[in-house]
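Enquirer: Right, I'll just put the structure down here and ask away after.
The values are calculated or read from the model by the stated rules, or taken from the named source; none is laboratory data. Keep in mind that what you see is a predicted model, and the values were worked out from it rather than measured. Cβ atoms come from the backbone with ideal geometry, glycine included; neighbour counts cover every protein chain shown. Protein only, heavy atoms only, side chains kept; ligands, DNA and RNA dropped before computing areas. Shrake-Rupley method; radii C 1.70, N 1.55, O 1.52, S 1.80 Å.
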Amino acid sequence: MMTTIDTQLTLEAILQEPTLDKELKRIADKVINKERLTPAEGITLFEKGELGFVGSLANFVRERMHGDKTYFNRNFHIEPTNVCVFTCKFCSYSRLYKNREDGWELSIDEMLDIVKKYDHQPVTEVHIVGGVHPKMQLDFFCELIQKIKAHRPGLHIKGFTAVELDYMFRKAKLTTEEGMRKLREAGLQSMPGGGAEIFHPDVRNQICHDKVDGEGWLAIHRAAHNEGMHTNATMLYGHVEEYWHRVDHMEKLRQLQDETGGFNTFIPLKFRNKENDMEDVPESSIIEDLRMYAIARLYMDNFPHLKAYWPMLGRSTAQLTLAFGVNDLDGTIDDTTKIYSMAGAEEQTPSMSTAQLALLIKQAGRRPVERDTVYNEIQDFTDVQFTDEEILGSTKKN
Ligand code: V47
Ligand code: SF4
């Protein structure tokens, strides 16, 4: 197990290396002294920071914040529809309304049936996210949320990207604040971080020109925070953007977090290039992915958590990220999302039992701790012994 002392030794060795670039040395000193990095320093890290350097520094920060704890949660997804009015070029999942017979549209009863499947399982969260269907509107989703809450009041509802909400609120002719209040009153408790992509218009106009812009995405999260909800933030990286676009994106999130404190987690999402209009854009390497996580940990100093979404990265890379700043792995999921499998991710049927997820974290030398959506700790699994059956998954206990 890598201890904090080991990490400090590695870091000291790197800092004493006579050939270390002066700018990188200054950045490392700032990180060690808990000083905030500037956007120019963020760009320097991307341009000059080798994996060993950014990784050791990010691991140092991760252990200063969380020690060896690595959070996971027990959740499942509901994807109400993949019919979507928008035309994001990276999306492998959506179908236009005119082609809706190729996609799916779930009724409220069908979605409640999904919730009921988990009645005797210790899941704590349902994550609801999907395409933007022109006929599934705010009242429909308020009814869905109320019915889920009536059926299982203790299940935390995390739902809807800012893209879905922007469309719903405009259709309902409500302000962002009014719409958000309505959803909170119906039982929505937090929001996932999707739809952020890259905020800068130079990139956004190329990859997803017709959905809410960066300012609009941030305004919806601000309104959610003002309603007392926590939200997450993502960044879709590794396609046509340049390093400075990534830093610009992280900077805007960092500024909103200074203002509201409402973000829980930052989730870098690796672009996958199958079955979409960006198949000619090569995917990033694992080295570049790990550098991305590490630099995110260093730059996003006011975000308490950095999450790797294992269905998209694959289990081995997700395990590696735990040494590069990541302290949270999402989640047991139970094969209930298609967003990544349709884009060519390693995990075609994403599902892990609690035992498998806890073991994956332990094998990386960390302490698996189950959390709820807002990071209350539920159980430390470090010393829990699992049966072979639980580990092999022949009897799946979510
Ligand atoms: O916004 C779509 C991404 C996001 C591709 O908040 C793609 O806890 C890569 O945001 N390659 C939706 N990424 C999923 C999401 C999410 C997932 C897990 C947890 C949380 C959370 C949020 O998926 C979209 C988009 O950025 N996406 N297509 C693709 N081809
Ligand atoms: Fe629609 Fe979301 Fe796909 Fe864009 S990424 S086309 S908004 S489902």
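Enquirer: Considering each residue of the stretch 149-169, count those that are out of contact with any His (no Cβ under 7 Å at 6 or more places or on another chain) and more than 16 Å from ligand 2 (Cβ to nearest atom), and give that number.
Expert: Result for the stretch 149-169: 9.
Enquirer: Where in the stretch 305-396 are there helices (runs of 4 or more DSSP H), lying wholly inside it, with at least 2 residues that are modelled with pLDDT of 85 or more?
Expert: 310-313, 315-321, 354-363
Enquirer: Here are some conditions: (1) open to solvent by less than 40 Å² (accessible area, probe 1.4 Å); (2) outside any strand (DSSP E or B); (3) within 16 Å of ligand 2 (Cβ to nearest atom). His77 meets all but one. Which one does it not meet?
Expert: The number of the failed condition is (2).
Enquirer: Consider Leu45 against the criteria (1) outside any helix (DSSP H, G or I); (2) open to solvent by less than 30 Å² (accessible area, probe 1.4 Å): it satisfies all of them except one. Which criterion is unmet?
Expert: If we test Leu45 against (1) outside any helix (DSSP H, G or I); (2) open to solvent by less than 30 Å² (accessible area, probe 1.4 Å), just (1) comes out false.
Enquirer: Return yes when Asn59 is assigned to a helix (DSSP H, G or I) and open to solvent by less than 50 Å² (accessible area, probe 1.4 Å) and no when it is not.
Expert: yes
Enquirer: Here is a further query. Give me the pairs: first residue in the stretch 213-227 and without any contact (Cβ under 8 Å) to a residue 24 or more places away in the chain, second residue assigned to a helix (DSSP H, G or I), beta-carbon distance under 7 Å, and six or more apart or on different chains, which are they?
Expert: The qualifying pairs are Asp213/Pro201; Asp213/Arg204.
Enquirer: Could you tell me whether Thr87 is outside any helix (DSSP H, G or I) and open to solvent by 50 Å² or more (accessible area, probe 1.4 Å)?
Expert: yes
Enquirer: (1) away from ligand 1 (no atom under 16 Å from the Cβ); (2) farther than 26 Å from Cys91 by Cβ: which one isn't true of Arg170, the others all being true?
Expert: Here Arg170 clears every test but (2).
Listed here are the residues, each with its yes/no results for (1) open to solvent by less than 10 Å² (accessible area, probe 1.4 Å); (2) in the same structural domain as His156 (by TED's automatic domain parsing); (3) at pLDDT 95 or above; (4) out of contact with any helix residue (DSSP H, G or I) (no Cβ under 9 Å at 6 or more places or on another chain).
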residue: His230; (1), (2), (3), (4): no, yes, yes, no
residue: Trp244; (1), (2), (3), (4): no, yes, yes, no
residue: Asp248; (1), (2), (3), (4): no, yes, yes, no
residue: Arg254; (1), (2), (3), (4): yes, yes, yes, no
residue: Leu269; (1), (2), (3), (4): no, yes, yes, no
residue: Glu279; (1), (2), (3), (4): no, yes, yes, yes
residue: Met292; (1), (2), (3), (4): yes, yes, yes, no
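Enquirer: Could you please let me know if Leu183 is aliphatic (A, V, I, L, M) and open to solvent by 10 Å² or more (accessible area, probe 1.4 Å)?
Expert: Numbers: aliphatic (A, V, I, L, M): yes; open to solvent by 10 Å² or more (accessible area, probe 1.4 Å): no.
Taking the combined requirement at face value, the residue does not satisfy it.
Enquirer: Follow-up. For residues that are closer than 21 Å to Asp330 by Cα and surrounded by 16 or more Cβ atoms within 10 Å (Cβ to Cβ), scanning just the stretch 93-117, find the one that is nearest to ligand 1 (Cβ to nearest atom).
Expert: Selected residue: Tyr93.
Enquirer: Given the conditions (1) more than 16 Å from ligand 2 (Cβ to nearest atom); (2) assigned to a loop (DSSP other than H, G, I, E, B), which single one is not true for Ile27?
Expert: Only one criterion in (1) more than 16 Å from ligand 2 (Cβ to nearest atom); (2) assigned to a loop (DSSP other than H, G, I, E, B) is unmet by Ile27, namely (2).
Enquirer: Here is a further query. Do the conditions hold for Leu188, that is, is it open to solvent by less than 10 Å² (accessible area, probe 1.4 Å) and outside any loop (DSSP other than H, G, I, E, B)?
Expert: no
Enquirer: How many of the residues in the stretch 134-155 are buried (at least 22 other Cβ atoms within 10 Å of the Cβ) and within 16 Å of ligand 1 (Cβ to nearest atom)?
Expert: 0
Enquirer: Separate question: Going by the conditions given, is Arg272 within 16 Å of ligand 2 (Cβ to nearest atom) and touching an Asp or Glu at 6+ places or on another chain (Cβ under 9 Å)? Before you say what the answer is, go through the steps one by one.
Expert: Values: within 16 Å of ligand 2 (Cβ to nearest atom): yes; touching an Asp or Glu at 6+ places or on another chain (Cβ under 9 Å): yes.
Against the criterion (within 16 Å of ligand 2 (Cβ to nearest atom) and touching an Asp or Glu at 6+ places or on another chain (Cβ under 9 Å)), Arg272 qualifies.
Enquirer: Further question: Note down all Cβ pairs under 7 Å where the first residue falls in the stretch 80-96 and is within 14 Å of Phe271 (Cβ to Cβ) and more than 7 Å from ligand 2 (Cβ to nearest atom), the second is assigned to a loop (DSSP other than H, G, I, E, B) and basic (Lys, Arg), and they're at least six residues apart or on different chains.
Expert: Ser92/Lys274
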